[in-house]
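**Q** Let me begin by handing over the structure; questions about it come next.
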Amino acid sequence: MQHRGEIIREAVYKSGFPITALAKRLGKSRRWMYLMFDNNNVSLDLVLQIGKIIHYDFTPEIKEFSLSPTTLNELSTAYKNEEPSSEYWKNKYLKLLEDYSELLKAKKE
């Protein structure tokens with residue numbers, strides 16, 4: 001599998017676009033940018049967004065851009081199915097709140 005973070009890092013360094021300015025345009029921190037460079041599975045949307053900012057075409061380097069729209073849609077659907085549902089996160093959050101409440105009660109005693 002391609003390491004998208006490394007591909008982006010090389011393109012950003014070649015473009016000469018400052019990392020700080022790129023992070024600011026993306027609404028992220030410099031630290032986040034460097035962590036993203038280490039991520040081998042950066043989202044295609046983010047790759048496109050960075051490409052627009054630094055005026056770079058990632059199409060030749062990232063094979064997913066050369067896939068047909070049908071294949072891209074299938075990959076997108078498969079990715080969405082792997083994500084936990086909002087109900088999962090809601091329940092997880094409520095469980096954490098309950099645990100925290102119990103800790104506060106125990107601390108008062």
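Any read-out appearing in this document is the output of simple, stated calculations on the displayed coordinates, not a laboratory observation. Note that the structure is predicted; figures quoted are calculated from it, not measured. Virtual Cβ from ideal backbone geometry, glycine too; neighbours counted across all protein chains shown.
**Q** In nm, to one decimal, how far is the residue 100 label point from the residue 38 one, both placed 7 Å along Cα→Cβ?
**A** Once both label points are built, they end up 2.7 nm from each other.
**Q** Next up: Kindly flag which residue pairs out of 14/63; 28/90; 28/108 have an alpha-carbon separation exceeding 30 Å in this structure.
**A** Long pairs (Cα-Cα over 30 Å): 28/108.
**Q** Another question, if that's okay. Check the straight Cα-Cα distances from residue 107 and name the lysines below 24 Å, setting aside those fewer than 8 residues away within the same chain.
**A** By straight Cα distance, residue 107 reaches 92, 95.
**Q** Using θ = phi - 60° and the Karplus form 6.51 cos²θ - 1.76 cosθ + 1.60, what ³J(HN,Hα) does each residue of the stretch 97-103 get, whole Hz, x for Gly and Pro?
**A** Working through the residues one at a time gives 4, 5, 4, 5, 4, 4, 5 Hz.
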